[in-house]
Amino acid sequence: MFTYYLRLAWLSIRRNPILTALMVAAIGVGIGACTTTLTVYHLMARDPIPQKSDSIYRVLVDSWDPANPFYDGDQGAAPPFMMTHQDATALMNSKIPTHQAAMYRSAFVVESDNPEIAPDTYSARATYRGFFEMFDLEFVYGGSWDAAAYENGELVVVINRALNEDLFDGEN
């Protein structure tokens, strides 16, 4: 029976080679798209820091009125994904965790001493020094700022490799 189907397939290929090639290509594209989707899902669903997943927490504070809850269009009534400055400051002043970090997204303008480099806007994430210890981030040059720099309100910045290449040609 299997040889009969193989013979029918061969006759169909000889009769309509272009249509057969299109069908094979469509099936190949479908399998490729499915494989890509499953691979992306597998990579996105895994635990990003398995050695620390039992000790890193994201705090959500529901400070809204129960009669008028925060509404997120996708999730319905849920705690806001960001907390107030007052709540973040209170958590940062807590002595309970070993390392802690509040953070928010921002942007800044970089002006170089080199007149050939035009000022440009870069996205940034403002955070506390505990962020680097929590996630075991490695530095190419330097390191995180110390507690004295934080207490004195010193302006400190950590830049990525791409910005270092743009501004300092990869030098320290």
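Read the figures in this text as sums done on the coordinates, not as results from a lab. Being a predicted model, the structure only gives us computed values, none of them experimental. In this analysis, Cβ positions are derived from the backbone assuming ideal geometry, glycine residues included, and neighbour counts consider all displayed protein chains.
Things worth noting here:
- Amide H contacts under 5 Å for residue 120: 110, restricted to partners 5 or more places along the chain or on a different chain, H placed in the peptide plane at 1.01 Å from N.
- Each helix, a run of at least 4 DSSP H residues, gives -39500 (n - 2.57); summed and divided by the residues of the chain, these come to -12500 deg cm²/dmol at 222 nm.
- The range 56-152: C-alpha gyration tensor shape, a/c 1.5 cut-off, then a/b vs b/c: oblate
- Span-rule helices in the chain, defined as complete DSSP H runs reaching 27 Å or more along the axis (Cα) with Kyte mean at least -0.5: 17-45
- Max mean-square fluctuation residue, GNM over the chain, Cα-Cα springs under 10 Å, options 37, 89, 127: 37
- In the chain, the sites counted are GluC sites (Glu not before Pro) in DSSP loop states with at most 15 other Cβ atoms within 10 Å, and the longest stretch holding none of them, exclusive of the sites, is 1-110.
- Residue-wise HN-Hα coupling along the range 145-160, computed from phi with Karplus coefficients 6.51, -1.76, 1.60 (Hz; x: Gly, Pro): 6, 8, 5, 5, 5, 5, 5, 7, x, 5, 7, 10, 9, 10, 10, 7
- In this simple spin-label approximation, residue 47 and residue 127 carry label points 7 Å from Cα along the Cα→Cβ vector, and these lie 2.0 nm apart.
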